[in-house]
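Have a look at the structure that comes next, please.
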Amino acid sequence: EVDSCLFDGMDRELENEDLLLGTYPIGPGGADVVETVMVIGGEYCTPRGIGIGSTKEEVVAAYGDDFLLDYDMMLYSTGDYLTDPVLAFTLDLDKNTVSSYYMMQNTGL
């Protein structure tokens, strides 16, 4: 945990070998609110069947070609990438496969 640079309280990360959760202290009374859920290992898949090791082509087949490519990240959003939830797939550029992925609830700041 670390002092939040945006909010009163502590930003926190909780992780194990498969998942990382990131929180901000923006709930009632400064309660932690989950901002990021990141899959970094294991056999987890999205509801559309995409997981670590999936190819870029499989991601596009499952989620479409309306994504923002930022170097090694494919970003999907139903609205504004800066204020709305984002589903992001990090690619291993040597293999062109997913190396991690996460869902992020932007705070709108």
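The values are calculated or read from the model by the stated rules, or taken from the named source; none is laboratory data. Bear in mind that the values here come from a model prediction, so they are computed numbers and not experimental data. When we count neighbours, we look across all protein chains shown, and the Cβ atoms used for this are built from the backbone with ideal geometry, even at glycine. Accessible surface is based on the protein model in full, side chains and every heavy atom, while ligands, DNA and RNA are left aside. Shrake-Rupley method; radii C 1.70, N 1.55, O 1.52, S 1.80 Å.
Can you send over the carbon and sulfur percentage of the accessible area for the range 6-109, probe radius 1.4 Å, protein chains only? Mind dumping the intermediate values first?
Numbers: 3340 of 6230 Å².
Heavy-atom surface of the range 6-109 belonging to carbon and sulfur, 1.4 Å probe: 54 percent.
Could you compute the longest span of the chain free of GluC sites (Glu not before Pro) located in DSSP loops and having at most 10 other Cβ atoms within 10 Å, not counting the site residues? The partial results should precede the final answer.
Numbers: sites that count: 17, 43.
Counting only loop sites that pass the neighbour cut-off, the longest clear stretch is 44-109.
Also: Taking a probe of 1.4 Å, how large is the accessible area per residue of the range 1-86, in Å²? Mind showing how you got there, number by number?
Values: 5530 Å² over 86 residues.
Value for the range 1-86: 64 Å² per residue.
What chymotrypsin sites (Phe, Trp or Tyr not before Pro) in the range 7-102 are in a loop by DSSP, with at most 11 other Cβ atoms within 10 Å of the Cβ?
Of the chymotrypsin sites (Phe, Trp or Tyr not before Pro), the ones in loops of the range 7-102 whose Cβ has at most 11 other Cβ atoms within 10 Å are 71.
Once fully extended, how much extra length lies between residue 80 and residue 45, figured as 0.36 nm per residue of separation less the alpha-carbon to alpha-carbon distance? Could the numbers behind the result be given before it?
Details: separation 35, 0.36 × 35 = 12.60 nm, distance 2.44 nm.
Gain on stretching residue 80 to residue 45: 10.2 nm.
Now for a different question. Taking the Cβ of residue 11 as the center, what net charge do the other residues with Cβ under 10 Å away carry, scoring Lys and Arg +1 and Asp and Glu -1?
Details: positive: 12; negative: 1, 3, 13, 32, 35.
Combined, the nearby Lys, Arg, Asp and Glu give -4.
Report Rg/Rh for the chain, rounded to two decimals, where Rg is the Cα radius of gyration and Rh the Kirkwood radius. Spell out each step's value before the answer.
On the way: Rg = 14.9 Å, Rh = 14.8 Å.
Here the Rg-to-Rh quotient is 1.00.
What percent do you get for the relative contact order of the chain when only Cα pairs under 8 Å and 6+ apart count? Mind dumping the intermediate values first?
Working: 213 pairs, mean separation 21.8, N = 109.
Contact order relative to length: 20 percent.
Let me ask something else about it. Excluding residue 66 itself, calculate the net charge of residues whose Cβ lies under 15 Å from the Cβ of residue 66, where each Lys or Arg counts +1 and each Asp or Glu counts -1.
Working: positive: 48, 56; negative: 65, 70, 80, 84.
Value of the local net charge: -2.
What does the extension gain come out to for residue 55 and residue 19, with contour length at 0.36 nm per residue minus their alpha carbon separation?
Numbers: separation 36, 0.36 × 36 = 12.96 nm, distance 2.03 nm.
Working it through step by step, the gained length comes to 10.9 nm.
Can you check what the net charge comes to around residue 20, using other residues whose Cβ is under 12 Å from the Cβ of residue 20 (Lys, Arg +1; Asp, Glu -1)? Mind dumping the intermediate values first?
Details: positive: 12; negative: 13, 15, 17, 18, 35.
Here the charged neighbours net out to -4.
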